[in-house]
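Working notes, structure below.
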């Protein structure tokens, strides 16, 4: 069996990272396609939030090497400030040194055939680059989403570091993968001389994580509960127009609105949601819930009346990982996202039409009225269609890509 060294910062027991599931899923299914993965990740000391029970998700036979790393913002901060040099290109830049050392040892001890590294922690690609140069082994850099973007990072020093690392990674990688069609188009435009290197490898859901999960009792008996599971970013997932729409519906159609509840699970920015709900006078419609274990979160998705996605038009080239879990959960999906974005296009392909722009309160209100008034008639894609988005299928694509490179 061929061997692959997988470099990823996000790995169990880190908590609250969707990127963790991409690496974990690939490492779980690669052996079925003739590849033995060895994971090079960070020591849990570097994780601000973690949950020990998540380690149970790691396959027993998987070798995991954990390199030491500091978090500059936590470990070197004095009165909230820390040396900038220790956080370029990211707060975990110190991970590079022990990871490269351990990576070289793994390359010597095992007959590694290929290297894979995964963003969104840039240092992962720095490590991949160093080990590729050391060994000459084929290297796939998994960007997932675009790295350097307009206005991101806002810090000019970090932005320059991103640009330099991104270009070096694109130029020296054997292949590059991105998770959405829009991201692929962007990199084709940005690096026209390396078009043949850039491939689409979308995210997906992991069927293994749904084993043993089941729908429980209604979240709010007698009500229609819309669930948003995950972080509500103040800009990229700004719920202001949604709350405006709910306030409008409450005034114009209180009976219909009273049937509705909107639950936010682990939103992180609770203060924002509390302030908005008070400002618009809809506190009785909003539920804020703390983080729970991953499987418990999946059970809640299965029990919700409908699942909600929030995404601004500034993220049109991205598809949240959560959307694939939502599809697998088999519940109606309400997407507040731009019609032209990749998320909307994906949902339209499977027949989901409850879509309205995140920044358009009028269209959101109209869409909610249609959904609530005809809730029993909401369309659900068949399981045969949903299976096309499985993580196992994505892993097969990754294995095929590696085969082509050798």
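Since every read-out is calculated from the coordinates, none of them should be taken as a lab result. The structure displayed is predicted, hence computed values, not measured ones. For neighbour counting, all protein chains shown are included, and Cβ atoms are generated from backbone atoms with ideal geometry for every residue, glycine included.
Remark: 79, 383, 280, 143 ranked as 79, 383, 280, 143, counting other beta-carbon atoms within 10 Å and listing the fewest first. For the chain, give the share of DSSP beta bridges that are antiparallel, in percent and rounded to the nearest 5; count only bridges with both residues there. Beta bridges within the chain, antiparallel portion: roughly 5 percent. Rg and Dmax of the range 200-309, based on Cα coordinates, read 15.1, 46 Å. Packing here is the average count of other Cβ atoms within 10 Å per residue, and on that basis the peptides 305-313, 5-13, 83-91, highest first, run 5-13, 305-313, 83-91. Each residue of the range 68-173 gets 96 Å³ once the volume of the Cα convex hull is shared out per residue.
According to the Kirkwood relation over distinct C-alpha pairs, the hydrodynamic radius of the range 210-387 is 16.3 Å. Distance from the Cα centroid of the range 274-328 to that of the range 24-92 is 26 Å (rounded to whole angstrom).
Given R0 = 35 Å, the distance between the Cβ atoms of residue 353 and residue 406 translates into a calculated FRET efficiency of 0.20.
For the chain, the relative contact order works out to 14 percent when only alpha carbon pairs closer than 8 Å and six or more residues apart are counted.
Once the Cβ-Cβ distance of residue 275 and residue 200 is raised to the sixth power relative to R0 = 45 Å, the FRET efficiency obtained is 0.70.
Computed over the range 331-374, the Cα gyration tensor eigenvalues convert (square root of 5λ each) into semi-axes of 17, 14, 6 Å, ordered from largest to smallest. Sorting 187, 396 by the number of Cβ atoms found within 10 Å of their own Cβ, with the fewest placed first, yields 396, 187. Working from label points 7 Å from Cα in the Cα-to-Cβ sense, the residue 396 to residue 163 distance is 4.2 nm. For the pair residue 292 and residue 1, a Förster radius of 30 Å applied to the C-beta separation gives a FRET efficiency near 0.20, rounded to the nearest 0.05. Between 0 and 90 degrees, rounded to the nearest ten: what's the tilt of helix 122-135 against the longest Cα principal axis of the chain? Once rounded, the angle reads 30 degrees.
Distance between the modelled labels on residue 74 and residue 220, one decimal in nanometres: 3.4 nm (7 Å Cα→Cβ projection). For the chain, a Gaussian network of Cα nodes joined below 10 Å ranks 302, 256, 107 by mean-square fluctuation, and the top entry is 256.
Taking the number of Cβ atoms within 10 Å of each Cβ as an exposure proxy, the fewest-first ranking of 233, 152, 119 is 152, 233, 119. From the largest down, the chain spans 68, 52, 43 angstrom on the principal axes of its Cα atoms.
When only Cα pairs below 8 angstrom with a gap of at least 6 residues are kept, the range 210-387 shows a relative contact order of 26 percent.
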